[in-house]
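Just below is one structure, and these are the notes that go with it.
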Amino acid sequence: MKPGMKKITIFKSLGNIWSSMPESKKSQRADNRGVQVKPFSAAVKFHGHVCPGLILGYRASARALKELSSGISADEELVAIVENDTCAVDAIQAVTGCSIGKGNLIFRDLGKQVYTFAARDSGKAIRIAINPDFQIKDIDPIYWDLRGKVLFGEPTAGERREVARRSKDVYKKMLGMPDKKLLLVTRVKIDIPEHAHLFKSLRCADCGELVAEHRARVKNGKTVCIPCAGEYSRGW
Ligand SMILES: [Zn+2]
Ligand SMILES: [Zn+2]
């Protein structure tokens with residue numbers, strides 16, 4: 001099981017909490033540079049539940065749009081390079097419009113809470129890392145301990161309720177705290193990845209399904225898809 005899956009199941013029940021909470025004032029208004037940032041509820045709607053990772057992704061996305069003076073990326077105006085595949089990445093897709101499907105969300109499997117955003121028109125780029133000094137347990141140590149038990153132990157029904165109750169306040173504080181407590185932001189220069197390409201589809205000679213030309217393989221002189229080609233490796 002992928003790490004985090006258990007968390008998703010458990011926190012599903014917390015999803016309803018958010019709908020009864022007032023939208024944070026910060027997330028409703030345009031910021032002082034006139035950049036309109038979608039409200040947090042848009043990220044929740046996309047992701048399906050509220051969780052700390054989603055909030056971190058939301059805060060990073062909001063900061064990125066402001067830094068790059070950008071609205072949501074309808075096409076490939078923005079590029080996001082994400083270094084993990086956690087809940088945060090769903091907020092980035094919902095709020096910045098950088099998505100896997102459009103090809104302007106690039107995933108690097110480094111397991112780091114680091115997000116780099118670039119604007120094609122200005123060439124500006126920023127790197128946002130989650131502040132390593134930020135700890136949820138500093139907001140509410142009881143919530144943090146109980147959350148650990150809910151995620152990884154054998155909590156009582158009362159402990160689950162207590163986590164749900166306390167989480168509302170923790171989430172509100174995370175949404176409202178100053179950027180610098182949550183995010184380390186640096187301007188960077190990067191080679192912005194080129195636009196996503198479209199490729200011809202070829203028919204796999206084995207399974208008959210279509211495969212993009214740049215991902216096709218040749219097996220016994222015939223064009224096949226990667227699963228039909230099979231693995232060959234000497235371990236290096
Ligand atoms: Zn989540
Ligand atoms: Zn095939």
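Some observations on this one:
- The C-beta contact set for the stretch 161-177 (first residue more than 13 Å from Arg147 (Cβ to Cβ), second residue part of a helix (DSSP H, G or I) and of a type in the set (S, T, N, Q), distance under 8 angstrom, 6+ apart or interchain) comprises Leu175/Ser27.
- Residue selection: Leu56 satisfies the criterion of being at pLDDT 95 or above and not in a loop (DSSP other than H, G, I, E, B).
- Neighbours by Cβ (under 6 Å, 6+ apart or cross-chain): first from the stretch 220-236, in a strand (DSSP E or B); second surrounded by 10 or more Cβ atoms within 10 Å (Cβ to Cβ) and acidic (Asp, Glu): Val224/Asp206
- Scanning the stretch 202-213 for residues being part of a strand (DSSP E or B) and either within 16 Å of ligand 1 (Cβ to nearest atom) or loosely packed, with under 12 Cβ neighbours inside 10 Å (or both) gives a total of 0.
Conditions tested, residue by residue: (1) within 16 Å of ligand 1 (Cβ to nearest atom); (2) over 30 Å from Val114 (Cβ atoms); (3) surrounded by 15 or more Cβ atoms within 10 Å (Cβ to Cβ); (4) among the polar types (S, T, N, Q).
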residue: Lys172; (1), (2), (3), (4): no, no, yes, no
residue: Lys181; (1), (2), (3), (4): no, no, no, no
residue: Pro193; (1), (2), (3), (4): no, no, no, no
residue: Leu198; (1), (2), (3), (4): no, no, no, no
residue: Glu231; (1), (2), (3), (4): no, yes, no, no
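- Among the conditions (1) part of a helix (DSSP H, G or I); (2) of a type outside the set (A, V, I, L, M, F, W, C); (3) farther than 16 Å from Gly57 by Cα, Gln93 misses just one, which is (3).
- Looking across the stretch 50-95 at every residue that is among the hydroxyl-bearing types (Ser, Thr, Tyr) and buried (at least 19 other Cβ atoms within 10 Å of the Cβ), the one that is nearest to the chain's Cα centre (by Cα) is identified as Thr86.
- Taking the stretch 136-161 as the range and being small (Gly, Ala, Ser) and more than 25 Å from the chain's Cα centre (by Cα) as the test, the residues that pass are Gly153, Ala157, Gly158.
- Checklist (1) in a helix (DSSP H, G or I); (2) touching a residue at least 24 places away in the same chain (Cβ under 8 Å) applied to Asp145, failing item: (2)
- Selection within the stretch 19-53 - of a type in the set (S, T, N, Q) and either touching a helix residue (DSSP H, G or I) at 6+ places or on another chain (Cβ under 6 Å) or at pLDDT below 95 (or both): Ser19, Ser20, Ser24, Ser27, Gln28, Asn32, Gln36
The values are calculated or read from the model by the stated rules, or taken from the named source; none is laboratory data. Everything quoted here is computed from the prediction, not taken from an experiment. Backbone-built Cβ (ideal geometry, glycine too); neighbour counts: all protein chains shown.
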